Amino acid sequence: MIDRLEKEVDMLERHLQVLRMVIENEPIGIVKMSNETGYPHHKVRYSLRVLEEENLIEPSSQGAITTERTHEFVDELDEKLDETVEKLGSMRIDDAAELES
């Protein structure tokens, strides 16, 4: 059950790393991103496709670039991550309560 969540978090981390590279180095291509991150080309390509579907990046002849939506997303990201961490924290099962039951 938790394995799926871990895989999703790993994938989100990769998507955000690719987005960060686009923001910092736009325009940037798959080969450069793959070389700098160590991710295989197909994983970078998948992350780029996901980011494009979310309208966070768009392709150009020189490589991926940000969109108008990118900065709005980045501004909201920390708050959303904090909310998610808090929600996950509230799901903890107290060891002592479990042992007493």
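The values are calculated or read from the model by the stated rules, or taken from the named source; none is laboratory data. Quick caveat: nothing in here was measured; it's all calculated off a predicted structure. Cβ: placed from backbone, ideal geometry, glycine included. Neighbour counts: every protein chain shown. Surface accessibility is based on the protein's heavy atoms, side chains included, excluding ligands, DNA and RNA. Shrake-Rupley method; radii C 1.70, N 1.55, O 1.52, S 1.80 Å.
The trypsin sites (Lys or Arg not before Pro) of segment 17-101 meeting both criteria, a DSSP state outside H, G, I, E and B (loop) and at most 11 other C-beta atoms within 10 angstrom of the site's C-beta, are ARG92. With axes computed from alpha carbons, what is the tilt in degrees of helix 41-53 against the longest principal axis of the chain, rounded to the nearest 10 within 0 to 90? Once rounded, one gets 90 degrees. Taking every alpha-carbon pair under 8 Å whose residues sit at least 6 apart, the chain reaches a relative contact order of 22 percent.
Rounded to the nearest 10 degrees, the inclination of helix 2-25 to the longest alpha-carbon principal axis of the chain is 30 degrees. Percent of alpha carbon pairs in the chain separated by more than 24 Å? Within the chain, distances greater than 24 Å cover 36 percent of Cα pairs. Annotated for segment 1-98: lysine pairs at least 8 residues apart or interchain, Cα distance under 21 Å, count 4.
Within the accessible area of the chain, the carbon and sulfur atoms contribute 50%, probe 1.4 Å, all protein chains present.
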